[in-house]
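These notes are about the structure you will find just below.
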């Protein structure tokens, strides 16, 4: 009843490599968040690197558990798909809120509003 399935070495190597690459992307995103000083620059590393890391870890999970169950296990794709949809929207909303707060505070060197529909040249 408690049988152990021997996985091929190439599959274990691919799974370990994907987990390491995904973890490396997550670490790069965290380091970018800590090292960059400006809020607008700090938004990109976690959003981009962590999403790519999540894709790698989900692929490792799919490979490993599909081999264990000896059939496709694709429900792990749900996490990176939802992240790929929600992270850009969240990042855009956070950027707009921060830009609005900077404009309301009267800070200098803030880009002019371009979404109002007015032509900036006229």
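Observations on the structure shown:
- Qualifying positions in region 68-93 - under 11 Å from the mean Cα position of the chain (by Cα) and within 30 Å of residue 8 (Cα to Cα): 79, 80, 81
- Counting the residues of region 72-88 that are outside any helix (DSSP H, G or I) and touching a helix residue (DSSP H, G or I) at 6+ places or on another chain (Cβ under 6 Å) gives 2.
- Residues that are over 26 Å from residue 52 (Cβ atoms) and surrounded by 13 or more Cβ atoms within 10 Å (Cβ to Cβ), drawn from region 78-107: 102, 103
- In the set (1) farther than 26 Å from residue 7 by Cα; (2) touching a helix residue (DSSP H, G or I) at 6+ places or on another chain (Cβ under 8 Å), residue 19 fails one condition alone, (1).
- Qualifying residue in region 48-59 (condition: surrounded by 12 or more Cβ atoms within 10 Å (Cβ to Cβ) and farther than 30 Å from residue 91 by Cβ): no
Read the figures in this text as sums done on the coordinates, not as results from a lab. Treat the numbers as computed from the prediction; the structure is a model and nothing was measured. Counting neighbours? That spans all protein chains shown, and the Cβs are built from the backbone with ideal geometry, glycine included.
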